[in-house]
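The values are calculated or read from the model by the stated rules, or taken from the named source; none is laboratory data. This is a predicted model, so every value here is computed, not measured. Neighbour counts are summed over all protein chains in view; Cβ atoms, including those assigned to glycine, are modelled from backbone coordinates with ideal geometry.
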């Protein structure tokens, strides 16, 4: 057994951590409420990591993986793991970020050797999918949460990309 470094929510009320059971090839995420002591436990997955809390601290997303496919899981505090939402599966998923207004999530995915940025609403419904490139950098939201910027590489050349959400 080993653990992933704990991560505090923005208001420090919750702590997210992962226990990895290498013997059984499973990881389980836990979220502890620092005020009540209540602990929420996720469904076991082969891989869990990359947690990001919403700016308002009411929910969070983390990367999970099974059978060589990766997806994003959205969970809220106080709910059961059966209420969690799951994104589509990809060959790779990384660098998730939540908009300042808590309305969107952006992340990098890879499918068939090409990388692209996916932008969803807060319930993981896909709103926009960027073009496929050889590589993309971590997405960032504008201050008002209406645009996502990232760099993309194709044929050895980088271009700046801005995706509007309006």
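Tally the residues that are closer than 28 Å to residue 75 by Cα and either surrounded by 18 or more Cβ atoms within 10 Å (Cβ to Cβ) or under 16 Å from the mean Cα position of the chain (by Cα) (or both), restricting the search to region 129-162.
Adding up the residues that qualify gives 10.
May I ask you to list the residues in region 63-72 that are closer than 18 Å to residue 21 by Cα and part of a strand (DSSP E or B)? Walk me through how you get there before you give the answer.
The first filter runs over region 63-72 and keeps only residues closer than 18 Å to residue 21 by Cα, leaving 63-68.
Scanning region 63-72 gives 63, 64, 65, 66.
Looking only at region 81-116, which residues are in contact (Cβ under 8 Å) with a residue 40 or more places away in the chain and part of a loop (DSSP other than H, G, I, E, B)?
Those that are in contact (Cβ under 8 Å) with a residue 40 or more places away in the chain and part of a loop (DSSP other than H, G, I, E, B): 84, 99, 100, 101, 102, 103.
Going residue by residue through region 133-144, is there one that turns out to be part of a loop (DSSP other than H, G, I, E, B), farther than 19 Å from residue 56 by Cβ, modelled with pLDDT under 95 and out of contact with any helix residue (DSSP H, G or I) (no Cβ under 8 Å at 6 or more places or on another chain)? Walk me through how you get there before you give the answer.
Residues of region 133-144 that are part of a loop (DSSP other than H, G, I, E, B), as a first pass: 134, 137-139, 142-144.
This time we only want the ones that are farther than 19 Å from residue 56 by Cβ, so: 134, 137-139.
If we keep only those that are modelled with pLDDT under 95 too, we end up with none.
No, because not a single residue in region 133-144 is part of a loop (DSSP other than H, G, I, E, B), farther than 19 Å from residue 56 by Cβ, modelled with pLDDT under 95 and out of contact with any helix residue (DSSP H, G or I) (no Cβ under 8 Å at 6 or more places or on another chain).
Check 99, 75 and return the single one that is modelled with pLDDT of 95 or more and buried (at least 18 other Cβ atoms within 10 Å of the Cβ). Explain how you work it out, then say what you get.
Numbers: 75 fails: modelled with pLDDT of 95 or more.
Exactly one residue qualifies, and that residue is 99.
Out of (1) over 13 Å from the mean Cα position of the chain (by Cα); (2) modelled with pLDDT of 95 or more; (3) more than 30 Å from residue 33 (Cβ to Cβ), the odd one out for residue 113 is which?
Going through the list (1) over 13 Å from the mean Cα position of the chain (by Cα); (2) modelled with pLDDT of 95 or more; (3) more than 30 Å from residue 33 (Cβ to Cβ), residue 113 breaks only (2).
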